[in-house]
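Notes for the one structure printed next.
The values are calculated or read from the model by the stated rules, or taken from the named source; none is laboratory data. Since this is a predicted model, take the numbers as computed values, not measurements. Virtual Cβ from ideal backbone geometry, glycine too; neighbours counted across all protein chains shown. Each accessible area value is taken on the protein alone, full model and side chains, heavy atoms only, with ligands, DNA and RNA left out. Shrake-Rupley method; radii C 1.70, N 1.55, O 1.52, S 1.80 Å.
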Amino acid sequence: MHAFVVGVGAYPYCDDPADDGPAGRVLGDLGSVTSPPPSAAAVAEWLLHAPRGTNDPPVGTVEVLISSIAEVSLRLGDGTRQSVGRAVFDEFKAAFRRWRRRCDSHRDNIALFYFCGHGWELDGQLLLLEDLGRDPDALLENCVELSEIRTIMQHCRARTQVYFVDACRQMPPDFAQLTSATRALMDHPRQVRLPLSPLDAPVYFSTARRFEAQARQDAVTPFTAAVLRTLDGLGAHPSSSNGWTVATDRFGPHLRDVIIWDNPEDTDRLSCLTVEGEQSGVSVLRTLDGPPLVPFRLTCEPAHALPVAEVSIRSFPDSAGNPMTVDGGRGEVSAGVYHVELGFPDGVGFRKASAFAEVLPPNRTFHTEVEQA
């Protein structure tokens with residue numbers, strides 16, 4: 001796996017636009033933001049340090065660009081920290097070319113691209129870099145078209161490619177008055193090496209078209225946090241040959257469920273995730289050495305029985321093992337089959353209740369009917 005990770009939080013030319021025309025109004029609607037730097041850093045450090053399974057696709061290289069008001073550094077394997085380059089157009093172009101060449105070195109490579117920052121969408125998704133607005137007379141020259149990245153990568157030997165875009169997908173009102181264009185990242189191949197195997201290249205957007213992306217002040221975004229949890233195991237499924245695998249065929253539905261599970265109060269199911277791009281076959285992104293931990297919650301009918309219940313969960317068929325006690329109606333267990341039991345102290349008016357349930361990623365709700373004593 002070769003990764004290219006970009007986070008843009010600092011937009012100096014948007015904080016104080018020099019132009020008072022359409023370009024200045026467009027820039028003034030943006031401004032610096034604080035969630036992309038920690039989000040991109042979390043993705044990069046996960047790639048560098050996450051425990052890998054025995055048969056996990058290895059991480060080869062990680063290109064990282066992060067623009068922040070404060071300097072950003074990443075923790076390396078030996079415990080030292082290394083500063084990273086800023087996400088300006090020239091740095092992006094050079095890093096993209098290095099990433100593409102590495103991905104193109106072998107057909108079994110996996111190409112991973114991640115972007116978090118401001119975005120616009122008109123006919124396609126624009127990724128806005130730190131030096132957006134440096135020249136207000138050519139506003140779009142420091143934007144990158146996602147479609148160009150994907151067009152170039154269609155000719156890459158790596159036939160598994162995953163794209164994560166954590167950015168807004170709206171068009172500013174004055175955008176139609178701008179006539180400048182983006183700059184090319186590189187020459188497109190004129191001749192294609194044949195034959196090319198089918199391309200599996202899903203694009204996971206943090207929001208639907210015409211919607212804003214969700215962010216948290218000075219913290220990892222909900223979308224990015226869910227992506228990492230899904231890669232860590234909540235996107236896994238049991239495989240007859242490879243144990244537990246995280247693969248592209250189930251990644252989108254599992255990612256949506258993780259986003260909603262983690263943010264139940266402020267997430268719209270229809271707009272919290274959009275999956276586009278080419279999807280052909282099943283590409284394995286992770287292989288785990290054992291069953292992943294799966295979050296669960298308990299509910300019961302009537303609901304007021306749960307606070308007074310003594311809850312225990314026991315792995316099945318290992319009935320002799322020690323049960324796990326649950327406080328607060330939530331917890332995590334390894335994927336598997338469990339026996340859930342709700343006991344009640346004398347005098348509270350409910351009978352003991354139990355149920356069997358299979359727990360699989362990305363999450364599980366145990367619901368139990370409780371009878372009056």
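For this structure, a couple of remarks:
- In plain terms, the chain from V308 to E332 could stretch by 6.6 nm, reckoned as 0.36 nm per residue minus the Cα-Cα distance.
- At the residue level, D15 shows approximately 90 square angstrom of accessible surface with a 1.4 angstrom probe and all protein chains present.
- Note on R81: accessible area is roughly 140 Å² with a 1.4 Å probe, heavy atoms of protein only.
- Residue order for L293, L139, L196 - accessible surface, 1.4 angstrom probe, largest first: L293, L196, L139
- Extension gain from D266 to D218, taking 0.36 nm per residue of separation minus the Cα-Cα distance: 15.5 nm
- Using a probe of 1.4 Å on the protein chains alone, the accessible area found for V337 is around 60 Å².
- Modelled spin labels at V348 and A18, positioned 7 Å past Cα toward Cβ, are 6.9 nm from each other.
- In the range 115-236, the inverse of the mean reciprocal separation of distinct Cα atoms equals 16.3 Å; this is its Kirkwood hydrodynamic radius.
- Accessible surface of the range 1-76, 1.4 Å probe, proportion on carbon and sulfur as whole %: 52 percent
- Over the range 36-76: Kirkwood hydrodynamic radius from C-alpha pairwise inverse distances, Å: 11.4 Å
- Cα gyration tensor shape for the range 146-299, rounded if a/c is under 1.5, else prolate or oblate: oblate
- Principal axis extents of the Cα atoms in the range 167-237, from largest to smallest and rounded to whole angstrom, are 44, 42, 21.
- In terms of accessible area, using a 1.4 Å probe and ignoring ligands and nucleic acids, R286, R183 rank largest first as R183, R286.
- For the range 65-177, the convex hull drawn through the C-alpha positions has a volume of 126 cubic angstrom per residue.
- Helix-only arithmetic for the chain: the sum of -39500 (n - 2.57) across DSSP H runs with n ≥ 4, divided by the residue total, places the mean residue ellipticity at 222 nm at -5500 deg cm²/dmol.
- Surface composition of the range 164-273: carbon and sulfur make up 50 percent of the accessible area, probe 1.4 Å.
- A run of the chain free of exposed loop cleavage sites, with GluC sites (Glu not before Pro) counted only in DSSP states other than H, G, I, E and B and at most 16 other beta carbons within 10 Å, reaches its longest extent at 72-211.
- In this label model, L122 and S280 are separated by 3.1 nm, measuring between points 7 Å along each Cα→Cβ vector.
- Within the listed set P51, P36, P202, the residue fluctuating most in the Gaussian network model of the chain (springs between alpha-carbon atoms under 10 angstrom) is P51.
- Matching the structure-derived volume of the Cα convex hull per residue in Å³ against the labelled list [x] 166; [y] 128; [z] 211 gives the label [x].
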